[in-house]
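Before any comments, here is the structure.
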Amino acid sequence: MAERDAEEATMSHQAPERSSIPSGDNTVWADISPLLDAACKELGDGEMIHGENFNLFAAMSALEIMDPKMDSGIVSKYCSLDEAIEDGAAPVPLSHDKTIDVQSIIDIMDHLLACEATWHSGHSLAQTVFSCIYLLRLDRTSSHAILHSYCRVIRATCKAVVSVVSDARTHEEEDLFSMTYGLPLDGDGDEKCLSFLNAVEETICRQLRACKAPSSKKRVLEDIEPLQHNLDLEEGFCKALLCRLRFRKHFFHTLACMRRPQGRGFEMARKHIASCILELESILKSAEFLRFGVCGTCKDGIEGKTTASGHTPIGFDASLNSRSAAPTPPRAIKILSWKRAVEYFVKLLHDLDVICSYSLDPSLEGVLRFVVQFQKSKPDLVARAHLQVLLVQDGKLYGRYPIFAVITKASALPEFTKNHDIQKSECFMQLGQLVINMLKILCTNAAWQRRKLGKILQDWRVIYVQLELALRNEVGEVSSNMDDEKMSVKILRHVLNWVEEQTYWIASRFLMLGFELDLYSPSEYCMVYWYLYVVLIKLAEKTHFRMAVSNEPIKRKGKKKKDSLKEVAKESRVHPAILFLQCHMCLAEGLTMMLAALRNDLMVLQSQNPFNTEQERFLQHFELLQKACIPDHISYPSFKESTSYARLSVSIL
């Protein structure tokens, strides 16, 4: 291994007097390739060239010259974009043979689709979509209507996606996603990209009608120039181009409609989503025709290929942007195959359709239930960004409902309390921000979500203490006559209970995400289920209290005794939310006792970890919960005491 510090590298023999080239007007650049070749021949495995003051810290930031993963210059075929264009890497037209030209355009479209799906997966925009030379110099394609219109809508789509992800700030999960590196995302006339696309689509539609027309009508259509000169392939090429152009059009419309405030464009977005899925099906069907097209059958098949035809597209070079892509060495990016890219977009569209079909439930409980259910499908970053932008707009839920009104509704308070002046207090403003932060966190990926939920638990605990102090101060000012209780006291009592309930809900979500992320080993399941059981007990208590308060009996006038008895019986039924929590509690308790009994009687699922004890792992898993005192007085000894007597022979009465 030959490594060299960027600033201090010298050699013991034939070493230059200075370790770096001085800057200035008289700078002389020298070719050190022979020097490096000589060094590589003499160095053995594990040896490196270094200066006298080279140390381990410097080694961590050293660059390995000639390594494609470290040296961004070594992987570049061209030194500049102009050099690539002059070398014919992106010709316009793509071929003087119109049939090959059309086939090449379709290959470019397919490869761009694969690049876009790869970018959505978290890779660099510069090394995926904008590895296309035609996108980097869009003005060169103006003479080629199909390619020009397609590249324009691709660029506008990328801009729309970057905008929604940046607004949602979900790009923190993958910093490279929204970094544009000065790429030409903003182009003059991109707002008219659909006009260009529609014009091209109409032209190809006429060409398709002309080639399908019976001989009696072809004389009328003779003035329409065909797409290419091989009439046997005309219909197949027209259909292949149309479905790709129409997918682009409907996908761009989908993104635009979903960005309309307060979900007003969702109905129209669903129509475009349905059209997108139909066009993707047509794109898949066109693969057979393209595979046996004019360029011949691909010898290696199309598995792993980025085009439907299986051929390598022209006009792409990921190394062109490698120097400006990031302040770190370039990543080794494998572009998704064409089939996987189509599958990705089908799933993305289904996820977006789920968001658009959401009823915009004003209750926070309904929102949380929807988000948790939505996350079970493991949606992509783009879909989650759209969900977050929908939930939080201008500091309001869906841009419609003030957060304080959402909190009062969730706390089972009367409708008129949403306008109470207590919402202006610092405590309630902080609580509103906590609710907004929680909604944003729930829209992130599972790993990021669990990490953030664990951290905000202490914030919720702190706000609970502040509300408790505010309640004590208010109660001290209340008259001894309870009928004269101030409305602010009632609001504080209800909200205080709801905050505690919500804190336990966050804790339960935190624990459940650990299973989803495979963070627990089988020997730790017992302690996790036990802790989950304890948290669910508290959550059920607070939920039951809220339900009881919301169903307080009111005076009934003008009703018969029989009707009153029916209402009392109806109110006495257990709410489905409580029953659901009780089911979870029974499951957690049963699993805890079963695992504890297996461990105590049969010595199975015992911890074999020699590096830390069970108590240390208990603290590692539940440290954030313990710091927030969730629940109070819960510790490792209480876990051992609860499970040490579990036996398989004990019958449950």
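The values are calculated or read from the model by the stated rules, or taken from the named source; none is laboratory data. What you are looking at is a predicted structure, and each value in this text was computed from that prediction instead of being measured. Heads up, the Cβs are rebuilt from the backbone with ideal geometry, glycines too, and the neighbour counts pull from every protein chain shown. Just the protein is used for accessible areas: all its heavy atoms, side chains included, with ligands, DNA and RNA removed. Shrake-Rupley method; radii C 1.70, N 1.55, O 1.52, S 1.80 Å.
Tell me yes or no: at least one residue of the stretch 363-374 is in a loop (DSSP other than H, G, I, E, B), in the same structural domain as ILE506 (by the TED database) and surrounded by fewer than 21 Cβ atoms within 10 Å (Cβ to Cβ).
Looking for residues that are in a loop (DSSP other than H, G, I, E, B), in the same structural domain as ILE506 (by the TED database) and surrounded by fewer than 21 Cβ atoms within 10 Å (Cβ to Cβ), one finds at least one in the stretch 363-374, hence yes.
Of the numbered conditions (1) more than 26 Å from PHE510 (Cα to Cα); (2) assigned to a loop (DSSP other than H, G, I, E, B), VAL346 fails exactly one; give the number of that condition.
(2)
Going by the structure shown, is TYR636 of a type in the set (Phe, Trp, Tyr) and modelled with pLDDT under 90?
So TYR636 does not fit the description; no.
So which of GLU201, GLU174 ends up being open to solvent by less than 60 Å² (accessible area, probe 1.4 Å), at pLDDT 75 or above and of a type in the set (Asp, Glu)?
Selected residue: GLU201, the only one of GLU201, GLU174 that is open to solvent by less than 60 Å² (accessible area, probe 1.4 Å), at pLDDT 75 or above and of a type in the set (Asp, Glu).
Which one of these does LEU431 not meet: (1) in contact with a Lys or Arg (Cβ under 8 Å, 6 or more places away or on another chain); (2) surrounded by 18 or more Cβ atoms within 10 Å (Cβ to Cβ); (3) within 14 Å of PHE404 (Cβ to Cβ)?
Of the numbered conditions (1) in contact with a Lys or Arg (Cβ under 8 Å, 6 or more places away or on another chain); (2) surrounded by 18 or more Cβ atoms within 10 Å (Cβ to Cβ); (3) within 14 Å of PHE404 (Cβ to Cβ), the odd one out for LEU431 is (1).
Given the criteria under 17 Å from ILE506 (Cβ atoms), open to solvent by less than 50 Å² (accessible area, probe 1.4 Å) and assigned to a helix (DSSP H, G or I), does LEU390 qualify?
no
Looking at the stretch 247-264, I want the residues that are under 14 Å from GLU279 (Cα atoms) and among the hydroxyl-bearing types (Ser, Thr, Tyr) and have a partner that is open to solvent by less than 10 Å² (accessible area, probe 1.4 Å) and in a helix (DSSP H, G or I) with Cβ atoms under 7 Å, at least 6 apart or on another chain. Which pairs are those?
Listed by first residue and then by second, the contacts come to THR254/ALA269; THR254/ILE273; THR254/CYS276; THR254/LEU352.
Restricting to the stretch 503-522, name every residue that is assigned to a helix (DSSP H, G or I) and over 23 Å from PRO631 (Cα atoms).
The one that is assigned to a helix (DSSP H, G or I) and over 23 Å from PRO631 (Cα atoms): PRO522.
Being assigned to a loop (DSSP other than H, G, I, E, B) and either of a type in the set (Gly, Ala, Ser) or open to solvent by less than 60 Å² (accessible area, probe 1.4 Å) (or both) is the filter here, so list the residues in the stretch 225-244 that pass it.
PRO226, LEU227, GLN228, ASN230
Within the stretch 121-132, can one find any residue that is more than 22 Å from TYR344 (Cα to Cα) and either touching a residue at least 12 places away in the same chain (Cβ under 8 Å) or open to solvent by less than 10 Å² (accessible area, probe 1.4 Å) (or both)?
Within the stretch 121-132 (the criterion being more than 22 Å from TYR344 (Cα to Cα) and either touching a residue at least 12 places away in the same chain (Cβ under 8 Å) or open to solvent by less than 10 Å² (accessible area, probe 1.4 Å) (or both)), the answer is no, since none of the residues qualifies.
Kindly list, by first and then second residue, each pair from a residue in the stretch 322-346 that is under 18 Å from GLN127 (Cβ atoms) to a residue that is at pLDDT below 70 and of a type in the set (Lys, Arg), limited to pairs with Cβ atoms under 8 Å and residues at least 6 apart or on different chains.
Pairs that qualify, where the first residue is under 18 Å from GLN127 (Cβ atoms) and the partner is at pLDDT below 70 and of a type in the set (Lys, Arg), are PRO329/LYS69; PRO330/LYS69; ALA332/LYS69.
Select from the stretch 343-360 the residues that are open to solvent by 30 Å² or more (accessible area, probe 1.4 Å) and in contact with a Phe, Trp or Tyr (Cβ under 7 Å, 6 or more places away or on another chain) and list them in ascending order.
Scanning the stretch 343-360 gives a single hit, VAL354.
Checking the condition over 20 Å from PHE251 (Cβ atoms), at pLDDT 85 or above, open to solvent by 20 Å² or more (accessible area, probe 1.4 Å) and of a type in the set (Asp, Glu), which residue from ASP139, ASP167 passes?
It is ASP139.
Out of GLU279, GLU303, GLU288, report the one residue that is acidic (Asp, Glu) and at pLDDT 95 or above.
Being acidic (Asp, Glu) and at pLDDT 95 or above holds for just one of GLU279, GLU303, GLU288, which is GLU279.
Output the number of residues of the stretch 265-282 satisfying the condition of being without any contact (Cβ under 8 Å) to a residue 60 or more places away in the chain and open to solvent by less than 10 Å² (accessible area, probe 1.4 Å).
1
Per-residue answers, yes or no, for (1) assigned to a helix (DSSP H, G or I); (2) in the same structural domain as SER508 (by the TED database); (3) loosely packed, with under 12 Cβ neighbours inside 10 Å; (4) at pLDDT 80 or above:
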site: ARG546; (1), (2), (3), (4): yes, yes, no, yes
site: LYS555; (1), (2), (3), (4): no, no, yes, no
site: SER564; (1), (2), (3), (4): yes, no, no, no
site: VAL568; (1), (2), (3), (4): yes, no, yes, no
site: HIS584; (1), (2), (3), (4): yes, yes, no, yes
site: ALA588; (1), (2), (3), (4): yes, yes, no, yes
site: LEU591; (1), (2), (3), (4): yes, yes, no, yes
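Go through (1) at pLDDT below 90; (2) more than 30 Å from VAL164 (Cβ to Cβ) for ILE314 and report which single condition fails.
Unmet condition: (1).
For the stretch 63-90, give me each residue that is at pLDDT 65 or above and open to solvent by less than 40 Å² (accessible area, probe 1.4 Å).
Listed by number, the residues that qualify are SER76, TYR78, LEU81, ALA84, ILE85, ALA89, ALA90.
Run ALA117 past the list (1) over 21 Å from ALA145 (Cβ atoms); (2) out of contact with any Cys (no Cβ under 8 Å at 6 or more places or on another chain); (3) part of a loop (DSSP other than H, G, I, E, B) and report the number of the one that doesn't hold.
(3)
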